[in-house]
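The values are calculated or read from the model by the stated rules, or taken from the named source; none is laboratory data. Remember, predicted model here, so these are calculated numbers, not experimental data. Heads up, the Cβs are rebuilt from the backbone with ideal geometry, glycines too, and the neighbour counts pull from every protein chain shown.
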């Protein structure tokens, strides 16, 4: 057992690339995708993303997703403490959209609530990842808990997550963002351009065509420059993501990733969508 | 084995048996619980989540042959904790954990212990939720426990105590819509609450589980009654619910008798009031049975689940969208539409008033004035959606209040819909905070002009127009007031019109099919067209307009 100071943890919805997770020793607890009778850990191993997204449109019953169990959360934290962590900063998918924080809270309480700080990222996918990434960098550098929490807040304030929802069909069935669904309407195919903020998803614009939606996404993204970090997000649409990156190439920073969104989130949004997660340079000021 | 026959004190083996049987029964209710969804669509997962939680819990005790109730309850709770899925599953796991903790110093469960354990369970559950919401599984757990506590010292047998618990849970379940407005709006009880009530009902001694020394059945075996797939079947059937009132009603018998009549059967209540909820192909069957039984029927509700499914969007808009549109209430929109489907489309996009009308049926100034009066917004847009209606709309706007009412001169339904989406998009952007009327109008006009509109109709006589020989009964494609093509069949007219009007920048073809076209027919057409135009996206929408088999938008 080695003394490790502050350990950063998150759930798999943060969509951080494995290299970053590995290099900064971030601990990730998987959420679950439930297909029929099977409950599969969304840990990037148990579930073949490509196959999952290819099959999603033809699945008779839409998959559901679920949080880890309280028992798993307990074991997750216990292991980190056993491995020498003095304190844990645990950053998660918003309370408003998921039960993850609640089970993590139960797990933390069963282990040692004093030593575990739970953070509602109020973000999704790499919007969470940007917070986790910055927190882990600081933790590795030996920063204090207060400094880490303050940095998370700053990252959050300088982050935007925008996406084109290619089809509303999956969000309609998922039932997690009813206000968005009801606002957009359900009879026509409409591609909303959404913003994730404050733990919720809201429409910023609506387009009936992909190119209209993409133009809007591009304008929103360019507005965020200069960028410190950028991820182009997609769900089974790598080509679309690459094309979009080309179109905004001039503002793409060194740290640019193309990331396929995890099935836990993707199951609710559906294949075809693309999006961005941006972090403004100003956040370091 | 004999110790468990004592209804005054139940040991671990008896508890295990009761749990097995309760889970088995729960499996029969999974679908009903899933469907107890705020939206009337088969996509809820509360039932399956709770069922998985219970199954995982049982796996911890399935090989256990221990009469120690502390051990059985502890391991069951541990399994639930590990397998908890979804919010209801998590709360259920906390209930079981609290329940088990109270039993840790016990050898046999009796009524006072049951009351204490339930109380602890409810406390644990409340404690597990950051901001407890009433009208949910939490309320049912708490209220059932409170009722039981009132009777805890009356020397009741355990079976009697459980009976009280179950009835109290069911009563509490029925009250959930009173506590949670969204349930009431949607006409459902809370799904997690129903799950808990169903589970408790399975434990209850009505079937004598605690008294019956039979070998426990593994709950997994009871699964076949549940079919995940049935919700995706082509036929949704009817959802039938009613109350049976009478004396000495036998729930078990009713359940058994109705089992064959349909699926997703739920029979709950007591010997004087029984609630039946069943999905059937023929709604007459269960009702006939209930009448024949001599019971008095009340609260009969029959719903066509397929229509319910299709009607869903409108319902959502009226309830869930309300808060969103309040913010944007500066703009009210009045549209003219010639069919029920098109009316629904406009309403779905937040249109306050839709006037029925169109080609050959132009609304009057008065029709517009009535509509303007009915809209509360401070600024009103009218979408006339027909060349011949624009004048009337303008006149109405003038006589109402020119400053309040603006007419967007949309000449087709397709244009009107584009303009309306542009307005909503503009509102979404938040750039509208100052009520920037000019920008709103600019966005709407631009959108209306960008979309290309084609109308397919039928020639009523022979004629010759613009170099086209048109026979009576030919199908015509009209675009921008011009006859584009004439064809002998609808499909020929649609195809020729597309070939003529499609431009490189077009991505999406929307077809609104009229009341003379069957859905199947329209779907087949779309399928064939998407072979020809594989790079285009197609959207098929029911328009319900007369005279025009198809209205088509290209954008």
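A few remarks follow.
- Leading residue by the ranking (nearest to residue B:451 (Cα to Cα)) among those in segment B:520-542 that are in contact with a strand residue (DSSP E or B) (Cβ under 7 Å, 6 or more places away or on another chain) and more than 10 Å from every other protein chain (Cβ to nearest Cβ): B:536
- Residue match in segment B:388-399 (condition: within 36 Å of the chain's Cα centre (by Cα), surrounded by 17 or more Cβ atoms within 10 Å (Cβ to Cβ) and assigned by TED's automatic domain parsing to the domain that holds residue B:442): no
- Test: residue in segment B:86-102 that is modelled with pLDDT under 90, closer than 23 Å to residue A:98 by Cα and part of a loop (DSSP other than H, G, I, E, B): no
- Residues of segment B:97-115 include at least one that is more than 22 Å from residue B:67 (Cβ to Cβ), within 14 Å of chain A (Cβ to nearest Cβ) and out of contact with any strand residue (DSSP E or B) (no Cβ under 7 Å at 6 or more places or on another chain).
- Test result for residue A:185, on the phi > 0 side of the Ramachandran plot, in contact with a helix residue (DSSP H, G or I) (Cβ under 6 Å, 6 or more places away or on another chain) and either at pLDDT 95 or above or not assigned by TED's automatic domain parsing to the domain that holds residue A:14 (or both): yes
- Of the residues making up segment B:179-196, just one is at pLDDT 90 or above and either touching a strand residue (DSSP E or B) at 6+ places or on another chain (Cβ under 7 Å) or more than 19 Å from residue B:29 (Cβ to Cβ) (or both), namely B:179.
- When A:171, A:187, A:180 are checked against the criterion of being surrounded by 18 or more Cβ atoms within 10 Å (Cβ to Cβ) and free of Cβ contacts under 8 Å to residues at least 12 places away in the same chain, A:187 stands alone in meeting it.
- Residues of segment A:111-122 that turn out to be touching a strand residue (DSSP E or B) at 6+ places or on another chain (Cβ under 6 Å) and either surrounded by 20 or more Cβ atoms within 10 Å (Cβ to Cβ) or closer than 19 Å to residue A:154 by Cβ (or both), as a count: 5
- Here the strands (runs of 3 or more DSSP E) wholly within segment A:179-260 that include at least 3 residues being within 14 Å of chain B (Cβ to nearest Cβ) are A:191-197, A:200-207.
- Scan of segment B:502-525 for residues that are in a loop (DSSP other than H, G, I, E, B), under 17 Å from residue B:541 (Cβ atoms) and free of Cβ contacts under 8 Å to residues at least 24 places away in the same chain, ordered by number: B:518
- In segment A:82-110, the residues that are touching a helix residue (DSSP H, G or I) at 6+ places or on another chain (Cβ under 8 Å), more than 25 Å from residue A:150 (Cβ to Cβ) and surrounded by fewer than 20 Cβ atoms within 10 Å (Cβ to Cβ): A:110
- Every residue from segment B:543-555 that is within 13 Å of another protein chain (Cβ to nearest Cβ) and surrounded by fewer than 23 Cβ atoms within 10 Å (Cβ to Cβ): B:544, B:554, B:555
- Looking across B:137, B:182, one residue alone is under 28 Å from the mean Cα position of the chain (by Cα) and surrounded by 23 or more Cβ atoms within 10 Å (Cβ to Cβ). It is B:137.
- Residues located in segment A:65-74, provided they are within 7 Å of chain B (Cβ to nearest Cβ) and either under 7 Å from residue A:107 (Cα atoms) or within 17 Å of the chain's Cα centre (by Cα) (or both): A:66, A:70, A:71
- Of the residues A:128, A:165, the single one that is assigned by TED's automatic domain parsing to the domain that holds residue A:271, surrounded by 19 or more Cβ atoms within 10 Å (Cβ to Cβ) and in contact with a helix residue (DSSP H, G or I) (Cβ under 7 Å, 6 or more places away or on another chain) is A:165.
- Residue check, residue B:499 part of a strand (DSSP E or B), over 18 Å from residue B:387 (Cβ atoms), more than 35 Å from the chain's Cα centre (by Cα) and not assigned by TED's automatic domain parsing to the domain that holds residue B:349: no
Per-residue answers, yes or no, for (1) at positive phi; (2) crowded, with 21+ Cβ neighbours inside 10 Å:
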| position | (1), (2) |
| --- | --- |
| A:23 | no, no |
| A:30 | no, yes |
| A:36 | yes, no |
| A:124 | no, yes |
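- Evaluation of residue A:142 against (1) surrounded by fewer than 24 Cβ atoms within 10 Å (Cβ to Cβ); (2) more than 9 Å from every other protein chain (Cβ to nearest Cβ); (3) in contact with a helix residue (DSSP H, G or I) (Cβ under 7 Å, 6 or more places away or on another chain); (4) in a loop (DSSP other than H, G, I, E, B) (one fails), failing number: (3)
- Residue check, residue B:505 within 14 Å of chain A (Cβ to nearest Cβ), more than 31 Å from the chain's Cα centre (by Cα) and over 26 Å from residue B:347 (Cβ atoms): yes
- Among the residues making up segment B:174-189, those that are closer than 27 Å to residue B:151 by Cβ and without any contact (Cβ under 8 Å) to a residue 60 or more places away in the chain are B:174, B:175, B:176, B:177, B:178, B:179.
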